[in-house]
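Read through the structure below, which is laid out as structure tokens, and then see the notes.
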Amino acid sequence: APAQWFFPVPVHFGAGLVADLAMMLASRGAARPLLVTDQGLGSSDRVQRMVRTLQEGGMEQVSVFDKVQPNPTDSNIGDGAEYFKRSGCDSVVAVGGGSGLDAGKSIAMVAGTGLTLDQLDW
């Protein structure tokens, strides 16, 4: 069954929730999400379906950063944050297992603050 968890940001998980993703993003004023995932998932049908669903849901632009390495490094995060800025994204959707989720959170933090991981007390 679908569920919601807030710690400290909302985490939504469950079957079929991708259909609601565009609405969730739009309710937060987002229209140009960056999907952050690893190389294996980036080329999968699952991520491609997510992109189509977001486009059909009215997102202006959907970008994919699928260069996340296992146990992402600071340079991997920096590359993702630069891609976020260069692509004109306004939100991050992290997809995958631990590396994709960790990278997505870190990319959002670096892109949102303009600081490097070294400059952040995390």
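The values are calculated or read from the model by the stated rules, or taken from the named source; none is laboratory data. Keep in mind the model is a prediction, meaning the values are calculated, not measured. Ideal geometry is used to build each Cβ from the backbone, glycine not excepted, and the neighbour counts take in all protein chains shown. Protein only, heavy atoms only, side chains kept; ligands, DNA and RNA dropped before computing areas. Shrake-Rupley method; radii C 1.70, N 1.55, O 1.52, S 1.80 Å.
When the trypsin sites (Lys or Arg not before Pro) in the stretch 1-95 are filtered for DSSP coil states and for at most 16 other beta-carbon atoms within 10 Å of their beta-carbon, the remaining sites are Arg28. May I ask for the net charge around Ala30, where only other residues with Cβ less than 13 Å from the Cβ of Ala30 are counted and Lys, Arg are +1 while Asp, Glu are -1? It works out to a net charge of 0.
Over all pairs of different C-alpha atoms, the stretch 68-122 has a mean inverse distance whose reciprocal, the Kirkwood radius, equals 11.0 Å.
For the chain, the solvent-accessible area of protein heavy atoms averages 59 Å² per residue (probe radius 1.4 Å; ligands and nucleic acids excluded). Heavy-atom surface analysis with a 1.4 Å probe gives the chain a carbon and sulfur content of 53 percent of its accessible area. Each 5 Å bin from zero holds the following percent of Cα-Cα pairs in the chain: 2, 11, 22, 25, 23, 13, 4, 1, 0.
If the segment from Thr116 to Val51 were pulled out straight at 0.36 nm per residue, it would be longer than the present Cα-Cα gap by 20.6 nm. The relative contact order of the chain, computed from alpha carbon pairs under 8 Å that lie at least 6 residues apart in sequence, is 26 percent.
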